[in-house]
Each structure stands twice: as C-alpha cells, then as structure tokens.
Amino acid sequence: GTGVVESDRLLGADRVRAGDVAIAMRSSGLHSNGYSLARRVLLGEGGPGLGTYVVDLGRTVGEEMLEPTRIYARDCLELAGSLDVHAFSHITGGGIAANLARVLPTHLALDVDRSTWTPQPVFDLIAVGGVTRPEMERTFNMGIGMVALVAPEDADRALSLLAGRGVDAWVCGVVRDRRDDELGDAEAKGGSGGAVAVVGDYAN
C-alpha cells in the first residue's frame, strides 16, 4: 500500500501539494521485481548465466539475483513520526513513474530527474542484453526502492534522518502544478493519478 496512518492522519494523494520535495531512497537491487525479464536476459541464450562472475557486480549473476529486498517500514515510520510526510510511494513492479503517479492528485505533476542518481550495475547488465530504457523503467525500480513526499521545509531533516539510519537518500524532484493536457508516463501506460515523467540522463 501507499498510505500510512500516523496520528490519525492518512498519508496519501490528498495531502500532497505543489512544492513538495520527492526524497528517493536507494534500492538494494532488483527487489524481486521484473524477474521474468531479468531471467530471460541474464540466464537465457547469450546471457552470462547464473555462475558467471561480473566485475561490475563484484559477484556472480546468481548472487546478485539473490540480493534481499530492502525493507523500508521502520525508516518510513520514523520519518512519518518525526516530520511532515505527505505520502510514500513504494517503487515495485511497474517502475518509478507508475507507482509515484498513484500518490499524486490528478492536478499535480512530478519530474523525476535521472541525473540525481546512478542505477546499480545490474540494471546496466540487463540493458546491455537488449532491453530498451522505456522497458527497463516500466519494469524495474532502477535504483529507487521508496519515495517520500515531504513539505519543502522538512526536506533537509528527512535526508539527515535517513542518513542517520543508513539509508542512501536524495532529492529526485519537486512536485509542481500540472500543465493543461499534460500526460504523464504512468497514464500513457494505463495508470492513474498525477502526471509523472522520468527526465534527463542518469549520472555516470
């Protein structure tokens, strides 16, 4: 789910405002999403196979695919209890745009800036196997496991709190008013909510 009850307030789309800051929390890798595609590319014909050691991964393909999913529940509860969180979005199957769109009201938009992070090497390995960036971003979390939408005055506190808990986190975008006739990536893919697009190029 994308809502959390904290002090009788339901977090969710109706609390999100233009100017809210999107705080991304780094994933631990694939997070068990998109494994059909990952298996086809990595374990299928021409793929490296489970036992192949990949220098960029620092381990075998099989070991990478067994990386546990990071659980953010305690981090999110700590955030919600310490500052003004408006919504959380768990980035699961369907990718960043579709999951974030669901926690935005229809009149708002968010541009998620790729230049603010570098996806883990496993995503490069899959892309090299012939998967296009749009398909990658529809299927995988691309390095972001959770996003918190917070009031702008709380963004620095949110980042500090998460850093103190050992969570790699950063600002990936700012909520804004939606332009007339603006269609977000998620809506183009059949989702609903606000207009969310992933823009720019990933940091090297």
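Worth a mention:
- Restricting attention to segment 96-137 and to residues that are charged (D, E, K, R) and at pLDDT 95 or above, the residue that is farthest from L30 (Cα to Cα) turns out to be D111.
- Any hit, segment 85-97, residues being open to solvent by 60 Å² or more (accessible area, probe 1.4 Å), part of a helix (DSSP H, G or I) and under 30 Å from A155 (Cβ atoms): no
- Selected residue (criterion: least open to solvent (accessible area, probe 1.4 Å)) from residues of segment 119-163 that are within 19 Å of S36 (Cα to Cα) and of a type in the set (D, E, K, R): E137
- Qualifying positions in segment 123-178 - part of a helix (DSSP H, G or I) and polar (S, T, N, Q): T139, S160
- Where a residue in segment 117-128 is more than 18 Å from D168 (Cβ to Cβ) and its partner, wherever it lies, is in a loop (DSSP other than H, G, I, E, B) and acidic (D, E), with Cβ under 6 Å and at least six apart: none
- Members of segment 98-112 found to be open to solvent by 10 Å² or more (accessible area, probe 1.4 Å) and of a type in the set (A, V, I, L, M, F, W, C), listed by number: A98
- The residue that is most open to solvent (accessible area, probe 1.4 Å), counting only those in segment 174-204 that are at positive phi and modelled with pLDDT of 80 or more, is G200.
- Cβ-Cβ under 7 Å pairs, at least 6 apart or on other chains, segment 23-41 side within 14 Å of L66 (Cβ to Cβ) and touching a residue at least 40 places away in the same chain (Cβ under 8 Å), far side assigned to a helix (DSSP H, G or I) and of a type in the set (G, A, S): L30/A38
- Sole residue being modelled with pLDDT under 95, closer than 25 Å to P152 by Cβ and open to solvent by 40 Å² or more (accessible area, probe 1.4 Å), chosen from G3, G46, G12: G3
The values are calculated or read from the model by the stated rules, or taken from the named source; none is laboratory data. Note that the structure is a prediction, hence the values are computed from the model and not measured. When we count neighbours, we look across all protein chains shown, and the Cβ atoms used for this are built from the backbone with ideal geometry, even at glycine. Surface areas here come from the heavy atoms of the whole protein model, side chains and all, with no ligands, DNA or RNA. Shrake-Rupley method; radii C 1.70, N 1.55, O 1.52, S 1.80 Å.
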